[in-house]
Amino acid sequence: MAGERILVVEDNRPNMELVTALLEAAECEVLQAWTAEDGIRIAGALQPALILMDISLPGMDGLTATAALKQDPRTKHIPVVALTAHAMKGDEDKALSAGCSGYIAKPIDTRAFPKKITEYLNGPA
């Protein structure tokens with residue numbers, strides 16, 4: 001996981017700070033976007049290895065952004081993981097249907113988080 005470029009799309013400052021700290025502790029390069037639109041732009045320009053996408057964002061939501069990323073030839077190959085407090089029955093299915101490769105519920109389990117990120121970076125077994 002060290003050296004990987006990961007884009008975090010998150011509008012909540014404490015959540016952004018936590019995820020950034022966890023990824024930087026694993027020696028990842030962290031890109032930050034505070035809106036879905038910025039996330040799409042940054043992903044196209046800087047080609048991260050993984051995108052962590054909040055679902056509840058101002059303006060365009062994370063599922064709409066994920067669908068847009070998956071339709072763009074420049075970004076369709078980048079795995080997107082939903083990072084969300086939406087943990088109701090069916091929410092994970094909605095995220096996967098929108099094109100997400102996985103789903104991490106908030107609050108984040110800080111001990112399990114690095115292992116999950118490594119799994120998403122390595123792709124399906």
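Residues that are crowded, with 23+ Cβ neighbours inside 10 Å, hydrophobic (A, V, I, L, M, F, W, C) and either touching a strand residue (DSSP E or B) at 6+ places or on another chain (Cβ under 6 Å) or within 20 Å of residue 105 (Cα to Cα) (or both): does the range 10-18 have at least one? Taking every residue of the range 10-18 in turn, none turns out to be crowded, with 23+ Cβ neighbours inside 10 Å, hydrophobic (A, V, I, L, M, F, W, C) and either touching a strand residue (DSSP E or B) at 6+ places or on another chain (Cβ under 6 Å) or within 20 Å of residue 105 (Cα to Cα) (or both).
Looking only at residues of the range 72-98 that are among the aliphatic types (A, V, I, L, M) and not in a loop (DSSP other than H, G, I, E, B), we find that the one that is farthest from residue 17 (Cα to Cα) is 96.
Filtered by the rule that a residue be at pLDDT below 95 and polar (S, T, N, Q), the range 52-84 gives 56, 84. The set of residues in the range 68-86 being touching a Gly at 6+ places or on another chain (Cβ under 6 Å) and more than 22 Å from residue 112 (Cβ to Cβ) consists of 70, 74, 75. Residues of the range 21-39 that are small (Gly, Ala, Ser) and in a helix (DSSP H, G or I): 21, 25, 36, 39. Can residue 91 be described as over 27 Å from residue 2 (Cβ atoms), modelled with pLDDT of 90 or more and surrounded by 12 or more Cβ atoms within 10 Å (Cβ to Cβ)? So residue 91 fails the test. Residue 18: in contact (Cβ under 8 Å) with a residue 60 or more places away in the chain and part of a helix (DSSP H, G or I), yes or no? Yes; evaluated as a whole, the condition is true for this residue. Could you check the range 100-121 and list, in sequence order, the residues that are among the hydrophobic types (A, V, I, L, M, F, W, C) and closer than 23 Å to residue 70 by Cβ? Answer for the range 100-121, where residues must be among the hydrophobic types (A, V, I, L, M, F, W, C) and closer than 23 Å to residue 70 by Cβ: 100, 104, 105, 117, 121.
Of the residues making up the range 27-47, those that are buried (at least 16 other Cβ atoms within 10 Å of the Cβ) and of a type in the set (Gly, Ala, Ser) number 4.
Filtering the range 99-122 to residues that are among the aliphatic types (A, V, I, L, M), touching a residue at least 24 places away in the same chain (Cβ under 8 Å) and not in a helix (DSSP H, G or I) leaves 104, 108. Residue count for the range 28-51 under the criterion of being within 25 Å of residue 112 (Cβ to Cβ) and either at pLDDT below 95 or β-branched (Val, Ile, Thr) (or both): the result is 2. For the range 49-71, the tally of residues that are assigned to a loop (DSSP other than H, G, I, E, B) and buried (at least 23 other Cβ atoms within 10 Å of the Cβ) stands at 3.
The values are calculated or read from the model by the stated rules, or taken from the named source; none is laboratory data. Keep in mind that what you see is a predicted model, and the values were worked out from it rather than measured. Ideal geometry is used to build each Cβ from the backbone, glycine not excepted, and the neighbour counts take in all protein chains shown.
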